[in-house]
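The structure appears below as structure tokens.
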Amino acid sequence: MNLSRRTTKAPYTIIIFLFLWSLAGCSPSGLELSGEVSLESKSAQKKPLPNAPVIMVNYEECFQRLNQRKAGMQMGLHELSNLRIKLSDQLDSLKAKYQAGNYKNQAIKQNYEAITDSIAALKKATKTYKLDYLKSIANWLGSLATQKGVTNTSGEFHFEGIEPGKYLLICVFEHPSQTGFLIKPLDMNQSRQAVLTIQDRDPQLFLQHND
């Protein structure tokens, strides 16, 4: 998509806003967790991520269901990719015919241009499909969160009143090039601190801004 940063930022930020809804207070009893979230700057230096939503969800309740949702998204993306490949093959065939006709067949030219437009529309539809899927996953995870918070200006967060057990620690991040999910399994029977970085980015749950 040939859009400016100002134009493209708003749709991706919707994912983050979905994560921020109904932030509930925590009980003072139970375990505590402190952590920080950071990405990388252009110089590959650690850069704290401020004002980022962070949640905890029960591992046993969400892990398998999250994988099922990701699998569903990948199936849809695979179908769209196959359609794009078929259109590209048709485009190559028409190009060869157009060249063989010494670039004089206007019917072939018009068909070629129509398929080119279809590929561009399909690319946009694929991006919209993935964005909508990411928003639905963010909304679903937010509804199941046992802890919800937002990082401070130093990228730090703190949770209290946590029951012992296994969790997924999740943050939605926005980077100049992409928006995505940072996800890390966490065992509260052992850990009291956590760090989320770009290394924890889910390889499927992200969207390139300028593909």
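The values are calculated or read from the model by the stated rules, or taken from the named source; none is laboratory data. Given the structure is predicted, the values throughout are model-derived calculations rather than measurements. Using ideal geometry, Cβ is built from the backbone for each residue, glycine included, and neighbour counts are taken over all protein chains shown.
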Taking segment 36-55 and keeping only residues that are more than 17 Å from the chain's Cα centre (by Cα) and either under 20 Å from TYR167 (Cβ atoms) or in a helix (DSSP H, G or I) (or both), one is left with GLU36
Step by step: first the residues of segment 171-200, then only those that are in contact with an Asp or Glu (Cβ under 9 Å, 6 or more places away or on another chain) and among the β-branched types (Val, Ile, Thr), then the one that is surrounded by the fewest Cβ atoms within 10 Å (Cβ to Cβ). Which residue is that? VAL195
Long-range neighbours under 7 Å by Cβ, at least six apart or interchain, first residue over 26 Å from LEU83 (Cβ atoms) within segment 101-117, second surrounded by 15 or more Cβ atoms within 10 Å (Cβ to Cβ) and among the β-branched types (Val, Ile, Thr): GLY101/ILE108
Part of a strand (DSSP E or B) and of a type in the set (D, E, K, R), is that true of LYS130? no
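Are there strands (runs of 3 or more DSSP E) fully within segment 137-211 with at least 2 residues that are among the aliphatic types (A, V, I, L, M) and either in contact (Cβ under 8 Å) with a residue 60 or more places away in the chain or farther than 21 Å from LEU66 by Cα (or both)? List them. Write out each step before concluding.
Values: elements: 147-150, 156-162, 166-174, 178-187, 193-196, 201-208.
Hits in segment 137-211: 166-174, 178-187, 193-196, 201-208.
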Flagged in segment 140-153 as surrounded by 14 or more Cβ atoms within 10 Å (Cβ to Cβ) and out of contact with any strand residue (DSSP E or B) (no Cβ under 7 Å at 6 or more places or on another chain), in numbering order, are TRP140, ASN152
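In segment 51-95, what residues are small (Gly, Ala, Ser) and under 20 Å from GLN204 (Cα atoms)? Can you show your working first?
First, pick out the residues of segment 51-95 that are small (Gly, Ala, Ser): 52, 71-72, 76, 81, 88, 93.
Passing the criteria: ALA52, ALA71, GLY72, GLY76, SER81.
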If a residue has to be without any contact (Cβ under 8 Å) to a residue 60 or more places away in the chain, of a type outside the set (Ser, Thr, Tyr) and touching a helix residue (DSSP H, G or I) at 6+ places or on another chain (Cβ under 8 Å) to count, how many in segment 119-136 make the cut? 3
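Please go through segment 99-118 and pick out each residue that is basic (Lys, Arg) and part of a loop (DSSP other than H, G, I, E, B). It would help to see each step written out before you state the result.
First, pick out the residues of segment 99-118 that are basic (Lys, Arg): 104, 109.
Answer for segment 99-118, where residues must be basic (Lys, Arg) and part of a loop (DSSP other than H, G, I, E, B): just LYS104.
Within the group GLN68, GLN45, which residue is loosely packed, with under 13 Cβ neighbours inside 10 Å and at pLDDT 95 or above? Explain how you work it out, then say what you get.
Values: GLN45 fails: at pLDDT 95 or above.
That would be GLN68, the only listed residue that is loosely packed, with under 13 Cβ neighbours inside 10 Å and at pLDDT 95 or above.
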Which members of segment 113-124 meet the condition of being surrounded by 14 or more Cβ atoms within 10 Å (Cβ to Cβ) and small (Gly, Ala, Ser)? SER118
Could you grab me the full set of residues in segment 97-131 that are of a type in the set (D, E, K, R) and modelled with pLDDT of 90 or more? LYS109, GLU113, ASP117, LYS123, LYS124, LYS127, LYS130
Give the residues of segment 98-112 that are surrounded by fewer than 13 Cβ atoms within 10 Å (Cβ to Cβ) and of a type in the set (Lys, Arg), sorted by residue number. LYS104
